[in-house]
Amino acid sequence: MNSIQQNIEQITSQIEDAQQKCGRRRESVKLLAVSKTKPVEAILDAARAGQKAFGENYVQEGADKVAYFSEHHPDLSLEWHFIGPIQSNKSRHVAESFDWVHTVDRAKIAKRLNDQRPTHLPALQVLIQVNTSGESSKSGASDAEIFELAELISALPNLTLRGLMSIPANVSDYQSQLVAFKQLAELKDKLAARYPELNLDTLSMGMSGDMQAAIEAGSTMVRIGTAIFGARDYSSKQ
Ligand SMILES: *Cc1c(COP(=O)(O)O)cnc(C)c1O
C-alpha cells in the first residue's frame, strides 16, 4: 500500500469516527477526493484503494482526466465532480464531461449547463454554491438568490438539484467553523422544506482543515485534497 492509499484509509477512518462521535449513521458522509493539479497516476492509486468520486477545479484539466479514465480505465467507473468557478465560455466542457457540479451560483450558468448537457447522459447533478460568509469578493449565491435559483434549476430537465455547497472563510477555531457550517445546514433544511418534491440530500462542506466541524454540522460530502494527495504545486497554473 502506498502513501495515497494509506491516506485514504486514514481519512475514511476519521470520517467514521466523526460520524460515530456525533451520532450520525455510518456511511452518511461521502469522501470526495480533490485531485486538482495531481497526475492521473495519483488518481489511479486512490481508485485502487477503492475511491470512486473525484473533484476537479480547472475545466480543461478535469475534462482531460475524465477522457483519460473513460478511455483507459472504464472498468473503474469513476464519478467526476466539478468544484471550481465556472466561466460561461467554459460551461460546455463541464456539461459534457462531469457527473456533478458543486459551483452553480447564477441563472445564466444553470441555463447553459442544461442546454449543453448531452441528452445521452444522465442529468447533471447540481449543487448551488452559497456564499455563507457574505463576502462580496467570494463567489456563491446569497441566501435570497438561492431560492430563486432553486426554482429555476428544478424546472430544467437536464439538471437535478441535489443540495448546497460552500467554502467558508478559512478559520482554525472549531466553534467558528461549526457556526458557518450550521448556517448552511439550516439553509438546506429551509430549501428542502420549500421543495419537498426534490431530493435535496446533499451538503458539500468540509475540507482537510475543517472536516470534523463540517461532519458535526451535517455535511454529507467532504472535499479532501491535501490530506490525500499531499501539498499542491501550482507553478504550471501561472
Ligand atoms: C482545493 C479544494 C478543496 C480541497 O482542499 P484541501 O484543503 O486540499 O483539502 C476542496 N474544495 C474546493 C472547492 C477546493 O477548491
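In a fully extended conformation the segment linking Ser13 and Gln175 would gain 56.1 nm over its present Cα-Cα distance, using 0.36 nm per residue. Near Glu79, the amide H atoms lying under 5 Å from its own belong to Ala53, Phe54; only residues 5 or more places off or on other chains count, and H is placed 1.01 Å from N. Remark on the stretch 3-229: Rg and Dmax equal 16.8, 46 Å (Cα only).
The mean sequence separation of alpha-carbon pairs under 8 Å and at least six residues apart, normalised by the residue count of the chain, gives a relative contact order of 20 percent. The calculated FRET efficiency for Asp233 paired with Glu71, based on their beta-carbon distance and R0 = 25 Å, is about 0.45.
Per residue, the chain reaches -13500 deg cm²/dmol at 222 nm when only DSSP H runs of four or more residues are counted, each adding -39500 (n - 2.57). List the longest stretch of the chain that has no exposed loop site; here a site is one of the GluC sites (Glu not before Pro) assigned by DSSP to anything other than H, G, I, E or B, with at most 12 other Cβ within 10 Å. Looking at the chain, 28-134 is the longest stretch - no exposed GluC sites (Glu not before Pro) with at most 12 other Cβ atoms within 10 Å.
For the chain, the solvent-accessible area works out to 49 Å² per residue, with a probe of 1.4 Å and every protein chain left in place.
Note that the stretch 1-63 shows a convex hull volume over its alpha carbon atoms of 89 Å³ per residue. For the stretch 3-229, lysine pairs with C-alpha atoms less than 15 angstrom apart, excluding pairs fewer than eight positions apart on the same chain, total 7. In this rough spin-label picture, where each label sits 7 Å from Cα along the Cβ direction, the Leu198-Ser3 distance is 4.2 nm.
The share of accessible area on the stretch 3-229 that comes from carbon and sulfur is 47 percent, using a 1.4 angstrom probe. Taking the charge dipole of the chain about its Cα centre, with +1 at Lys and Arg Cβ atoms and -1 at Asp and Glu Cβ atoms, the residue from Tyr195, Thr226, Ala67 reaching farthest to the positive side is Tyr195. Can you give the percent of C-alpha pairs in the stretch 184-238 whose distance is more than 18 Å? Result: 48 percent of Cα pairs exceed 18 Å.
The values are calculated or read from the model by the stated rules, or taken from the named source; none is laboratory data. All values reported here derive from a predicted model rather than from experimental measurement. All Cβ positions, even for glycine, are placed from backbone atoms using ideal geometry, and neighbour counts span all protein chains on display. Areas reflect the complete protein model, heavy atoms only, side chains present, ligands, DNA and RNA absent. Shrake-Rupley method; radii C 1.70, N 1.55, O 1.52, S 1.80 Å.
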